[in-house]
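Since the structure comes first, as structure tokens, the remarks are kept for the end.
The values are calculated or read from the model by the stated rules, or taken from the named source; none is laboratory data. Here the structure is a predicted model, which is why all the values come from computation and not from measurement. Cβ coordinates were reconstructed from backbone atoms using ideal geometry, including for glycine residues, and neighbour counts include every protein chain displayed.
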Amino acid sequence: MGVEMADTSQTTGGLMGSDDSVASHFDFEGTNKVRSEATRGRIRLAILVFTCCFAVMTGRLVMLGFDSPEPEAQRNSAQEAMAAARPDLLDRNGEILATDIKTASIFAEPRRIVDVDEAVDAILSVFPDIDGERLRKRLAGKGKFTWIKREVTPRQQQAMHEAGIPGIGFLSENRRFYPAGPTASHIVGLVNVDNEGIAGMEKYVDQSGLSVLHDLGFARDSNQEPVQLSIDLRAQHVLRDELGKSMTKFKAIAASGIVMNVNTGEVIAMASLPDFDPNDPKDVNKPDRLNRITAGVYEMGSVFKTITTAMALDSGKVRMRDSFDATQPIRVRGGTISDFHAKKRILSVPEVFIYSSNIGTAKMALKIGKEEHKNFLKRANLLDRLQTELPEARTPSFPKRWTDLSTMTISYGHGLTVAPIQVAATAAALVNGGKYIKPTFLKRSREKARKIAQPLVSDETSASMRYLMRLNTLKGSGKRSKVDGYLVGGKTGTAEKVENGRYSKDKVFNSYLSAFPMDKPEYVVLVMLDEPKGLKETYGYATAGVNAAPLAGNVIRRIGSMLGVSPRFGQKIVPTVAASF
């Protein structure tokens, strides 16, 4: 029994062990199943997370694919616009007046800037003149492209480069450079920050087709044909220098002048002071910086008697041996026409000219008649706007109702305002044989000039005017313009300025119209001084004979040999014309 019990016990133990094993087997399978389910869940979650991440990344890449080219396109567009090169401007001898140089401009892409404050601080440290608040708003905005500073110096560019601000970049562009500075500023003109001509010959070049070529994508390289101007940089420097000296000496508020070739109409030199530096044109818009030669109109005073005398002689109604009674002033409605240095006697035509008689000139003009007078001035291109290559030009002003009184006052330079370049061009015709040639700032040959020349007066009248202008230099108000070796001739003009509708007694606009050499003129020189003051050496006088005349003489003395006019000595008058007189 004990054995049976033992057996039973063993059997039972075996059965019991078997049951435990089965239970353990089922527990293990359940646990594995649970673990497998959990693992699969985690894997699914991981896959989902990675899928979402990749979806976000893919979406962002797609967005960037569409978004990022915009600033790049803007940069490329800006680069193309700035790469638009301009042709060099040269003087008649090939000296460079304007050319392109490479410079850098700084831009920002606000979307790429990480720290706006850091960027603003870095930019202001290099460019303290920039408005910090406006800069901060632009950089903090959502814009894709904005300029920071155009045309910076190499040192400024290096400083910004070393700052290493993300989202700040550089673009290379063309900048206009003027080697002569202000010397020929009113002729050459200037460009804006986009290298577009906005004044002078620079604007003329754009208006002549360059801007259209740029818009079409052409003329963007620097190998463009240069534009050769008519001016001589040497003569230009002399004219500007002498104007500046006289302006300072006589305490004038402005000075201007022009030198013109009488046989081609080429402007050899032209200056108007005060002027500006096109490399740093901060003063260009000041009212006193206008080009007085083409963009200003003035009552030219007695220099206009040159035109009146030529008109009278050419009409055939007045001859050189005629005379006019200047014993008494002319009483007219509202005033009196009198002479500054009255001779109070009958004057011959040459005497009317060299003594600058208002009375004699007025009577001479009346003899011609108001209609013929107006028609002559019309043919002389003195009543309409004279359009040259320079866009800066003014239209003359004159009475709407042309009366006998108008003829009398205009005959000696009052009542008609014109641009000085118009007077110079007409004077050139009066001494070159009688042919009017439209002025130009581009180089022009004599052959081309002859083709466009228009008859104004006869050769005989031109010879008479050469004689009278030379006689005035020898015996009249132009004595101080004499230059040894050159046959200078000219006519002074002292015009009272108008203030509050009345002629001022102490403010004058002085001019001297001259030409040389008078036996065969090649150049006209017209100079002006605005409100010059009398000096001790001039005995307090401020008339053109004591300031404008010597100014013209100084210019001629220095430019004569430069322009190929050889000095000659021993000649006092023009023999051929003197004989006819």
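Within region 325-363, restricting attention to residues that are outside any helix (DSSP H, G or I) and among the small types (Gly, Ala, Ser), which residue is surrounded by the fewest Cβ atoms within 10 Å (Cβ to Cβ)? Residue satisfying both the conditions and the ranking: Gly334.
Would you mention how many residues in region 432-452 are crowded, with 16+ Cβ neighbours inside 10 Å and of a type in the set (Lys, Arg)?
Adding up the residues that qualify gives 3.
Among the listed residues Ile307, Ile293, Ile253, Ile330, which satisfies the condition of being closer than 22 Å to Thr473 by Cα, of a type in the set (Val, Ile, Thr) and assigned by TED's automatic domain parsing to the domain that holds Gly493?
Ile307
For region 453-480, what are the residues that are surrounded by fewer than 16 Cβ atoms within 10 Å (Cβ to Cβ) and within 17 Å of Ala380 (Cβ to Cβ)? Selection gives Gln454, Pro455, Ser458, Asp459. Against the list (1) under 21 Å from Asn263 (Cβ atoms); (2) of a type outside the set (Val, Ile, Thr); (3) modelled with pLDDT of 95 or more, the condition Ala549 fails is (1).
Scanning region 534-568 for residues that are hydrophobic (A, V, I, L, M, F, W, C), assigned to a loop (DSSP other than H, G, I, E, B) and over 26 Å from Leu233 (Cβ atoms) gives Leu535, Ala542. Out of the residues in region 153-179 meeting the condition of being over 24 Å from Pro287 (Cβ atoms) and in a loop (DSSP other than H, G, I, E, B), tell me which one is modelled with the highest pLDDT. Here the answer is Pro179.
May I ask you to say which residue of Asp506, Asp459, Asp484 is modelled with pLDDT under 95 and out of contact with any helix residue (DSSP H, G or I) (no Cβ under 9 Å at 6 or more places or on another chain)?
Numbers: Asp459 fails: modelled with pLDDT under 95; Asp484 fails: out of contact with any helix residue (DSSP H, G or I) (no Cβ under 9 Å at 6 or more places or on another chain).
The match here is Asp506.
Of all the numbered requirements in (1) touching a Lys or Arg at 6+ places or on another chain (Cβ under 7 Å); (2) touching a residue at least 60 places away in the same chain (Cβ under 8 Å); (3) on the phi < 0 side of the Ramachandran plot, Gly189 misses one, and that requirement is (3).
Residue-by-condition table, conditions (1) under 24 Å from Lys317 (Cβ atoms); (2) over 28 Å from the mean Cα position of the chain (by Cα):
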position	(1), (2)
Ser411	yes, yes
Leu416	yes, no
Ala419	no, no
Gln422	no, no
Leu468	yes, yes
Lys475	no, yes
Lys482	no, yes
Gly501	no, yes
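Okay, residues lined up against (1) of a type in the set (Lys, Arg); (2) more than 30 Å from Ala184 (Cα to Cα); (3) modelled with pLDDT of 70 or more:
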residue	(1), (2), (3)
Ser36	no, yes, no
Leu45	no, yes, yes
Val62	no, yes, no
Glu70	no, yes, no
Arg75	yes, yes, no
Arg136	yes, yes, yes
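The one condition from (1) surrounded by fewer than 23 Cβ atoms within 10 Å (Cβ to Cβ); (2) under 25 Å from Thr426 (Cα atoms) that Leu243 does not meet is (1). Residue count for region 282-301 under the criterion of being in contact with a Lys or Arg (Cβ under 9 Å, 6 or more places away or on another chain) and either farther than 23 Å from Asp384 by Cβ or without any contact (Cβ under 8 Å) to a residue 40 or more places away in the chain (or both): the result is 1. Among the residues of region 372-384, those that are in contact (Cβ under 8 Å) with a residue 12 or more places away in the chain and either within 14 Å of Ala312 (Cβ to Cβ) or not hydrophobic (A, V, I, L, M, F, W, C) (or both) comprise Glu372, His373, Lys374, Phe376, Leu377, Arg379, Ala380, Asn381, Asp384. Restricting attention to region 519-533 and to residues that are outside any strand (DSSP E or B), modelled with pLDDT of 95 or more and surrounded by fewer than 24 Cβ atoms within 10 Å (Cβ to Cβ), the residue that is nearest to the chain's Cα centre (by Cα) turns out to be Glu531. Hey, Thr494 hits all of (1) part of a helix (DSSP H, G or I); (2) among the β-branched types (Val, Ile, Thr); (3) farther than 20 Å from Ala429 by Cβ but one; which does it fall short on? Condition (1) is where Thr494 drops out. Can you tell me which residue within region 375-431, out of those that are part of a loop (DSSP other than H, G, I, E, B) and of a type in the set (Asp, Glu), is surrounded by the most Cβ atoms within 10 Å (Cβ to Cβ)? Going through the qualifying residues, I end up with Glu389.
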